[in-house]
Protein chains: 2
Amino acid sequence: MRRLYEIGGAEDSFRPSPYCWRTRMALAHKGLSFEAVPWRAVEKARITRSGGGTVPVLVEGDLWLGESWDISEYLEATYPESPFFDGPGDKAKARFLDHWITLTVHPVIFRAVALDQFPMLAREDQAYYLERTKRKFGQSLAEFCGDPDAAIAELKPLLQPLQSTLAEVDYLGGASPGYGDYIVFGALQWARVASPRRLYSADSALARWFENLLGAFDGFARAQPARAHWGNPAPK
Amino acid sequence: MRRLYEIGGAEDSFRPSPYCWRTRMALAHKGLSFEAVPWRAVEKARITRSGGGTVPVLVEGDLWLGESWDISEYLEATYPESPFFDGPGDKAKARFLDHWITLTVHPVIFRAVALDQFPMLAREDQAYYLERTKRKFGQSLAEFCGDPDAAIAELKPLLQPLQSTLAEVDYLGGASPGYGDYIVFGALQWARVASPRRLYSADSALARWFENLLGAFDGFARAQPARAHWGNPAPK
């Protein structure tokens, strides 16, 4: 049986991690079923066989594999049908998208949604993240995040290259989604799941593209409850 | 005979435009020779047949075509050998790179190099650009640019996703360059031609990649004089 270790919240079904969403969508793209295993950031011992301390971790038989990019390469090599990439140039540019989202976009989304997300996390992870923020930045989480509206204002120019592109093409994969789409999707799904705040206009090209991906694979990603996003009620 | 209208400077051979460099490299990639026609920003009347007021403009027989992206699509369709793109996903992501460079990177490079570039421009274009900056921003060019070192400091995090990607792959096109590489190359070649300032570390992955592209097509792009860049002397 295939298993995917993922960040879970106080409730097991809360799934905010952008990196885990990349891998979830990648598995759905390949038509591969999996058992979703909730995991908390403090539970390093449960995933030592992956060689790392973060999730996603994919387990297939004796293989324990971490790092979402490495998992995408493994899946593409092992299950070549329905490819993620057109070829090596497409893959190199998807990797650029990965670094761009991780280095440039995620930190701003974090400041926009982390305070909304915090009460949804497991109690032991709340303490872990507070301690880590204090240690790395010498600040409380609230100090580190500052005004979420300021972060949302920063996002607008940051996301404009995506808006301009998605006004012209259906997907970053062309006529159908590819792994590059799932990299970007993970960031916006994180925001949808963790926070009721609207990060971009509901009538924008990015919103249209996101809605299409929420509906992909029989609505696989839409089945994850939104946090009162786009008017949906917050989960209990 | 194929012609390419491009921004020229006080000296005809000064070629700073990042968009024109994309097209120059694209033509070299396809093995297509062309007559390089220097043009100044005030000479709108010379390119009316393109339907626009900016260069590059490619002329082939009766065709007058502007906009670097449209030119790349035309060249790919007309000369399919040595493709620019792996397929539609690669092309969509190259278009993302185009919007990202244009919206996010070019404005910062402008503030880093425009004051160095200014004396190299044709006298009539100097007056044109000063007037335009005053009209659009209510500022002199020097006020608009501010401290070039501040712009260079901003560039470092902005370029980090490229650095991280090019530390892992040879080109954004994979094992060999594609049009996505030329989009990024245009920005750095502009800086190399227009200014003696160093925008990124000479021993970085980005610098290695740029040097490889300067050497491509028998050193086509290296033949363009640098502005005392990497220790080269400024042109007379």
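Of the listed requirements (1) more than 8 Å from chain A (Cβ to nearest Cβ); (2) under 26 Å from A:Ala175 (Cα atoms); (3) surrounded by fewer than 20 Cβ atoms within 10 Å (Cβ to Cβ), B:Thr54 misses just one: (2).
When B:Phe84 is tested against the conditions (1) in contact (Cβ under 8 Å) with a residue 12 or more places away in the chain; (2) within 14 Å of another protein chain (Cβ to nearest Cβ); (3) surrounded by fewer than 20 Cβ atoms within 10 Å (Cβ to Cβ); (4) of a type outside the set (A, V, I, L, M), the lone failure is (3). Looking across region B:203-228, the residues that are closer than 17 Å to B:Gly31 by Cβ and either without any contact (Cβ under 8 Å) to a residue 60 or more places away in the chain or among the hydroxyl-bearing types (Ser, Thr, Tyr) (or both) come down to B:Gly215, B:Asp218, B:Gly219, B:Ala223. Reported count of residues in region B:121-147, each being in contact with a Ser or Thr (Cβ under 8 Å, 6 or more places away or on another chain) and under 19 Å from B:Pro16 (Cα atoms), is 3. Of the residues screened, A:Ala77 is one that is without any contact (Cβ under 8 Å) to a residue 60 or more places away in the chain, more than 14 Å from every other protein chain (Cβ to nearest Cβ) and in a helix (DSSP H, G or I).
For the structure I just gave you, tell me whether A:Val105 is surrounded by 15 or more Cβ atoms within 10 Å (Cβ to Cβ) and within 14 Å of another protein chain (Cβ to nearest Cβ). The answer is yes for A:Val105. Within the option set A:Trp64, A:Trp39, being more than 19 Å from the chain's Cα centre (by Cα), surrounded by 15 or more Cβ atoms within 10 Å (Cβ to Cβ) and modelled with pLDDT of 95 or more holds for one residue only, A:Trp64.
Take the conditions (1) closer than 21 Å to B:Ser13 by Cβ; (2) surrounded by 18 or more Cβ atoms within 10 Å (Cβ to Cβ); B:Cys145 misses just one of them, which is (1).
Might you check whether a residue that is within 18 Å of the chain's Cα centre (by Cα), within 21 Å of B:Ser72 (Cβ to Cβ) and within 12 Å of chain A (Cβ to nearest Cβ) occurs anywhere in region B:186-208? Looking for residues that are within 18 Å of the chain's Cα centre (by Cα), within 21 Å of B:Ser72 (Cβ to Cβ) and within 12 Å of chain A (Cβ to nearest Cβ), one finds none in region B:186-208, hence no. Scanning region A:154-172 for residues that are among the acidic types (Asp, Glu) and within 7 Å of chain B (Cβ to nearest Cβ) gives a single hit, A:Glu168.
In region A:171-228, which residues are over 28 Å from B:Leu172 (Cβ atoms) and among the acidic types (Asp, Glu)? Of everything in region A:171-228, those that are over 28 Å from B:Leu172 (Cβ atoms) and among the acidic types (Asp, Glu) turn out to be A:Asp203, A:Glu211, A:Asp218. Residue pairs whose Cβ atoms lie under 6 Å apart, separated by 6 or more positions or on different chains, with the first residue in region B:148-159 and in contact (Cβ under 8 Å) with a residue 40 or more places away in the chain and the second aliphatic (A, V, I, L, M) and outside any helix (DSSP H, G or I), are B:Ile152/B:Leu199; B:Leu155/B:Leu199.
For region B:174-182, the count of residues that are over 28 Å from B:Gln126 (Cβ atoms), surrounded by 16 or more Cβ atoms within 10 Å (Cβ to Cβ) and of a type in the set (A, V, I, L, M, F, W, C) is zero. Among the residues of region B:166-206, write down those that are farther than 26 Å from A:Gly87 by Cβ and among the hydrophobic types (A, V, I, L, M, F, W, C). B:Trp190, B:Ala191, B:Val193, B:Ala194, B:Leu199, B:Ala202 - these are the residues of region B:166-206 that are farther than 26 Å from A:Gly87 by Cβ and among the hydrophobic types (A, V, I, L, M, F, W, C). Among the residues making up region B:207-229, those that are modelled with pLDDT under 95 and not aliphatic (A, V, I, L, M) are B:Pro225, B:Arg227, B:His229.
The values are calculated or read from the model by the stated rules, or taken from the named source; none is laboratory data. What you are looking at is a predicted structure, and each value in this text was computed from that prediction instead of being measured. Here Cβ is always computed from backbone atoms with ideal geometry, including for glycine, and neighbour counts include all displayed protein chains.
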